[in-house]
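Okay, so here's the structure we're looking at.
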Amino acid sequence: MTPVNEFSLPIRVYIEDTDAGGIVYYVNYLKYCERARTELLRALGYGKAAVIAEDLLLVVRKAEIDYLSAARLDDELVATASIGKLARSYVIFHQEVRRAGEVLCRVQVKIACVTTSGGTMQVTAMPADVQESLTAYLHQ
């Protein structure tokens, strides 16, 4: 079942995405998911998705990926992103990469808000406007 708040990004597989056999290299699925999350945040008004405010960044804290089937050169894929959980200082995204409706991989990514002030990269609360945007998207 497709989540109500699912964001989708079409992606074409190019030669640079594949190994010598024309199979998508495993790390590229994470790149496709990164693009989908970035474009979701862009659609919410955050042009530089990793930089959400002065001295605040969104960074990957944890990623889990389950590879189910391989994508190949010239495939038309869709990378999705939906919000699974929203907390004060982090958001968990549920993501998939699909080909013609077939799920090729499932990804769960925890994105934390950190402060760069003082060079510490300490986890901190997301700004209220970011929380509000993500909450509104989650409940649309």
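The values are calculated or read from the model by the stated rules, or taken from the named source; none is laboratory data. Quick caveat: nothing in here was measured; it's all calculated off a predicted structure. For neighbour counting, all protein chains shown are included, and Cβ atoms are generated from backbone atoms with ideal geometry for every residue, glycine included. We work out accessible area using only protein heavy atoms, side chains counted, and drop any ligands, DNA or RNA first. Shrake-Rupley method; radii C 1.70, N 1.55, O 1.52, S 1.80 Å.
Here are a few things to note about the model shown:
- Residue within region 13-20 that is closer than 29 Å to His139 by Cβ and either surrounded by fewer than 16 Cβ atoms within 10 Å (Cβ to Cβ) or in contact with a helix residue (DSSP H, G or I) (Cβ under 6 Å, 6 or more places away or on another chain) (or both) present: no
- Residues of region 86-114 that are open to solvent by 30 Å² or more (accessible area, probe 1.4 Å), more than 19 Å from Leu30 (Cα to Cα) and in a strand (DSSP E or B): Leu86 alone.
- Any hit, region 54-67, residues being closer than 27 Å to Ala128 by Cα, open to solvent by less than 20 Å² (accessible area, probe 1.4 Å), part of a strand (DSSP E or B) and at pLDDT 95 or above: no
- Output for region 31-53, where each listed residue is of a type in the set (Asp, Glu) and surrounded by 18 or more Cβ atoms within 10 Å (Cβ to Cβ): Glu34
- Extreme residue, farthest from Thr120 (Cα to Cα), among residues of region 66-87 that are within 12 Å of the chain's Cα centre (by Cα) and not polar (S, T, N, Q): Ala79
- For beta carbons closer than 8 Å, sequence separation of 6+ or different chains, a first residue in region 3-31 that is within 15 Å of Ala70 (Cβ to Cβ) and among the hydroxyl-bearing types (Ser, Thr, Tyr) and a second that is open to solvent by 40 Å² or more (accessible area, probe 1.4 Å) and not in a helix (DSSP H, G or I), the qualifying pairs are Thr18/Tyr25; Thr18/Arg72; Thr18/Leu73; Tyr25/Asp19; Tyr26/Tyr67; Tyr29/Ile65; Tyr29/Tyr67.
- Counting only residues that are among the polar types (S, T, N, Q), exposed (fewer than 14 other Cβ atoms within 10 Å of the Cβ) and closer than 25 Å to Glu6 by Cα, region 115-140 holds 2 of them.
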